[in-house]
Every structure is written in structure tokens, then in C-alpha cells.
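Accompanying notes for the structure given below.
The values are calculated or read from the model by the stated rules, or taken from the named source; none is laboratory data. In this text, all values refer to a predicted model and were calculated from it rather than measured experimentally. Here the Cβ positions follow ideal geometry from the backbone for every residue, glycine too, while neighbour counts run over all protein chains shown. Accessible surface areas use protein heavy atoms only, side chains included; no ligands, DNA or RNA. Shrake-Rupley method; radii C 1.70, N 1.55, O 1.52, S 1.80 Å.
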Amino acid sequence: MKREALPQTDSIQELAQFWDTHDVADFGGELEEVTEPVFERRTVIALDLDSAEAQAVNKLAESQGIADAELIRGWVREKISASEV
């Protein structure tokens, strides 16, 4: 019986689903030990917006087909990039 290949993804959810249904012992020869963290940790920052601001952000995000947090994260990245010049 041919076994499934190891997933080539950085998605924690996809990896968790894979290992929930597979035994690590079956892949021993293909795995390597790592000493450094593999996944980047994130820091959550609470953001207080008034209702009108939150609705405006939501509308903009919806129009771009992305989540509110992703839109705001993009704005923060733009501001950081602009200030690094």
C-alpha cells in the first residue's frame, strides 16, 4: 500500500489535520530534528475603534475580500515600511 506524502505547507491547521490521521513513526526516515522555532509567533494588540470606524473598516475589508484584521495588518506594514526609509 502506497502511503501519503508529507504535506508541503506552513499551515498549522493543515499540519495538525495531517498528523491527527497519520503516525509519525511511518515517516521517521523523512523527518529532521530542528532546534529553532519553525512557526513565527504573533502578538495580539487590542484596538479600540468607535462603532462608525469599525463599520468603515469592515466595509473596506469586505470590498477587498479580506478579513478586517488582514486589512489593518496591511496598513500597519505600509506605515512601518514608509518609516524605514
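Quick notes on this structure:
- When you filter the trypsin sites (Lys or Arg not before Pro) in the stretch 10-72 for DSSP loop state and at most 10 other Cβ atoms inside 10 Å of their Cβ, you are left with ARG41, ARG42.
- Where PHE39, PHE18 fall by accessible area, highest first, once all protein chains stay in place (1.4 Å): PHE39, PHE18
- Using the 1.4 Å probe convention, the accessible area of the chain works out to 94 Å² per residue with neighbouring protein chains retained.
- The chain shape via C-alpha gyration tensor axes, a/c threshold 1.5: prolate
- Legend: residues VAL57, VAL76, sorted from most to least accessible area (1.4 Å probe; ligands, DNA and RNA excluded), read VAL76, VAL57.
- Rolling a 1.4 Å probe over the protein chains gives ASP50 an accessible area of about 80 Å².
- Using every pair of distinct Cα positions in the stretch 1-51, the Kirkwood expression returns a hydrodynamic radius of 14.3 angstrom.
- For GLU62, net neighbour charge (Lys/Arg +1, Asp/Glu -1) across residues whose Cβ lies under 12 Å away: -1
- Area of ARG3 that stays accessible when all protein chains are in place (1.4 Å probe, Å², to 10): 120 Å²
- Surface composition of the chain: carbon plus sulfur atoms contribute 52% of the solvent-accessible area (1.4 Å probe, protein chains only, all chains present).
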